[in-house]
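See structure below.
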Amino acid sequence: MSLLDYFRSKKTNTASTAKERLQIIVAHERKRRSGPDYLPQLERDILEVIRKYVDIPADQIAVSLEQRSDELSVLELNVTFPDEKR
Amino acid sequence: MAKIIVVTSGKGGVGKTTSSAAIGTGLALAGHKTVIVDFDIGLRNLDLIMGCERRVVYDFVNVINGEANLKQTLIKDKRVDNLFILPASQTRDKDALTKEGVERVLNELAQDFDFILCDSPAGIESGAMMALYFADEAVVVTNPEVSSVRDSDRIIGMLSSKSRRAEQGLEGIKEHLLLTRYNPERVQKGEMLSVEDVKEILAIELIGVIPESQAVLNASNSGQPVIMDKDSDAGQAYLDTVQRLLGEKVPLRFLTVEKKGFIKRIFGG
Ligand SMILES: Nc1ncnc2c1ncn2[C@@H]1O[C@H](COP(=O)(O)OP(=O)(O)O)[C@@H](O)[C@H]1O
Ligand SMILES: [Mg+2]
């Protein structure tokens, strides 16, 4: 890559970055709003328990409660573990 | 039947009061009897933007507490027929507005007015909740900027869950997106979220786009709602917005970079 290309490519489109970040956080917050009030605390508690064993950052855990039908709700827990376990 | 419209946003400083003053004045100019109610208790500002700050005697909280009646409290606009202002109180008591009190005042206003415009305070606390609770329609004022868009989404969530219409299982509040302080030049350069971007994220109907404009500061300096500056871009954009609120189909304007004319290039525009 030439020096000229380097300076050209540096001019990033910050609006598209803003849009991507917003789409993710807004979707996340909408999901949380539609769930029960205890969900955030449940998420924190689960995070604490897992952190006793593995050091994971807060954004690597996602808890969601999905109502599949009138009688069935599914609690989904998604944890991304780091490569190296302690 | 009076229509109650809340002008709300979550985030502060995005243009709620500017928009309330402009839209309220526009509705009155179109012949509808309109009252603009300042819900920003403790931070009264609508009076300044409307240019009636020296005429405030009683306020919203006085009416709720029965210390004055509406007739004594409402300020009649001197320029536009059919336009009235109900000023906010300067009290520091955050709980001065009660749901029962607000409902009583709004019901009384509803007997007399076609439109009741509620200028909401910032935040998602009780003041903002009070302003949106009784609304039939909402103008969600948003700037093309990450924190404003996110806060608008939270307010949209509240409109559909915490309002009277939601609680009583009525038809939901009609939500309108009003994008303000829009700068087409920066959008073109990829530095600012575009109308399409914000529409896509918030997914509510667009009622208008108000450009970032010198005219707004000039208007507030002189206590004249910007919609009365008919030659200005922002004034015209608000006029279009009011027409859309009234159900007319009006094309969007001021979305593209305008080429500077010869005169402007020489003398600066
Ligand atoms: N379209 C616009 N162009 C330029 N400045 C604006 C525009 N809309 C609002 N402003 C300015 O932004 C500031 C905040 O506006 P205001 O209406 O008081 O916001 P809010 O009521 O949401 O706190 C004011 O200084 C106002 O003059
Ligand atoms: Mg305000």
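The values are calculated or read from the model by the stated rules, or taken from the named source; none is laboratory data. From a predicted model like this one, the values you see are computed outputs, not experimental measurements. Here the Cβ positions follow ideal geometry from the backbone for every residue, glycine too, while neighbour counts run over all protein chains shown. Ligands, DNA and RNA are stripped out before the accessible areas are found, and what is left, the full protein with its side chains, is counted by its heavy atoms. Shrake-Rupley method; radii C 1.70, N 1.55, O 1.52, S 1.80 Å.
Determine, from the Cβ-Cβ distance of B:K230 and A:K52 and an R0 of 45 Å, the FRET efficiency 1/(1 + (r/R0)^6), rounded to the nearest 0.05.
On the way: r = 67 Å, r/R0 = 1.49.
It comes out at approximately 0.10.
For B:T91, the amide hydrogen comes within under 5 Å of the amide hydrogens of B:G42, counting only partners 5 or more places away or on other chains and with H modelled in the peptide plane.
Using the crude model of +1 on Lys and Arg Cβ and -1 on Asp and Glu Cβ, and no other charge, please compute the dipole size for the stretch A:7-86 relative to its Cα centre, in debye to 20.
For the stretch A:7-86, the charge dipole is close to 700 debye.
An ellipsoid equivalent to chain B, defined through the eigenvalues of its Cα gyration tensor, has semi-axes of 30, 22, 16 Å when rounded to whole angstrom and sorted largest first.
Taking 30 Å² as the minimum loss, tell me which residues in the stretch B:187-205 lose that much accessible area going from the chain by itself to the full protein complex (1.4 Å probe). Those residues are B:G190, B:L193, B:D197, B:E200, B:I201.
If exposed means no more than 10 neighbouring beta carbons inside 10 Å and the site is in a DSSP loop, what's the longest run of chain B without any exposed GluC sites (Glu not before Pro)? Before the final figure, lay out the partial values.
On the way: sites that count: B:E125, B:E171, B:E248.
Free of exposed loop sites, the longest segment is B:1-124.
Over 27 Å apart at the Cα level, from the set B:K78/B:K230; A:K31/B:K99; B:K33/B:K174; A:K31/B:K94, are A:K31/B:K99; A:K31/B:K94. When chain B is treated as a GNM with alpha-carbon contacts under 10 Å, the residue of B:L132, B:L29, B:L46 showing the greatest mean-square fluctuation is B:L29.
The label-point distance for A:Q23 and B:E191, in a model that sets each label 7 Å from Cα toward Cβ, rounds to 2.4 nm. A 1.4 Å probe run over the protein chains yields, for the stretch B:146-188, 49 Å² of accessible area per residue, whole-number rounding. Of the residues B:S160, B:I207, B:F115, the one whose Cα sits farthest towards the positive end of the charge dipole of chain B is B:I207 (charges of +1 on Lys and Arg Cβ, -1 on Asp and Glu Cβ, taken about the Cα centre). Think of the protein assembly as shown as having a plus end and a minus end, set by charges on the Cβ of Lys, Arg, Asp and Glu; of B:L177, B:Y133, B:G51, B:G51 sits farthest toward the positive end of this dipole. Using only side-chain charges placed at the Cβ, +1 for Lys and Arg and -1 for Asp and Glu, the dipole size of the stretch B:67-196 relative to its Cα centre rounds to 260 debye. For the stretch B:238-254, the residues whose backbone nitrogen is under 19 Å from a point 7 Å from the Cα of B:N218, taken along Cα to Cβ, are B:238-240, B:254.
Taking B:K71 as the anchor, which aspartates and glutamates have their alpha carbon closer than 14 Å to its alpha carbon, excluding any fewer than eight residues away along the same chain? Within the straight-line cut-off, B:K71 pairs with B:D59, B:E108, B:D112. Neighbouring Cβ atoms from other chains, within 10 Å of the Cβ of residues in A:18-25, number 5 on average.
Inter-part distance, the stretch B:1-36 to the stretch B:176-199, computed on C-alpha centroids, equals 22 Å.
The angle separating the long axis of helix B:16-29 from the principal Cα axis of greatest extent in chain B is about 80 degrees. Compared with the dominant Cα axis of chain B, that is its longest principal axis, helix B:146-159 is turned about 40°.
On a full-extension model of 0.36 nm per residue, what is the gain between B:A166 and B:V250, subtracting their alpha-carbon distance, rounded to one decimal in nm?
Details: separation 84, 0.36 × 84 = 30.24 nm, distance 3.03 nm.
27.2 nm is the gain from fully extending B:A166 to B:V250.
Remark: the Cα gyration tensor places the protein assembly as shown in the oblate category, a/c being 1.5 or greater and a/b not exceeding b/c.
Which entries in A:K19/B:K189; B:K3/B:K76; A:K19/A:K52; B:K16/B:K162 show an alpha-carbon gap greater than 26 Å?
Values: A:K19/B:K189 15 Å; B:K3/B:K76 19 Å; A:K19/A:K52 36 Å; B:K16/B:K162 20 Å.
Over 26 Å apart, Cα to Cα: A:K19/A:K52.
Each chain gives up part of its surface: A and B jointly bury about 1300 Å² of accessible area, both sides summed, for a 1.4 Å probe. Apolar share of the accessible surface for the stretch A:21-79: 51 percent from carbon plus sulfur atoms, 1.4 Å probe.
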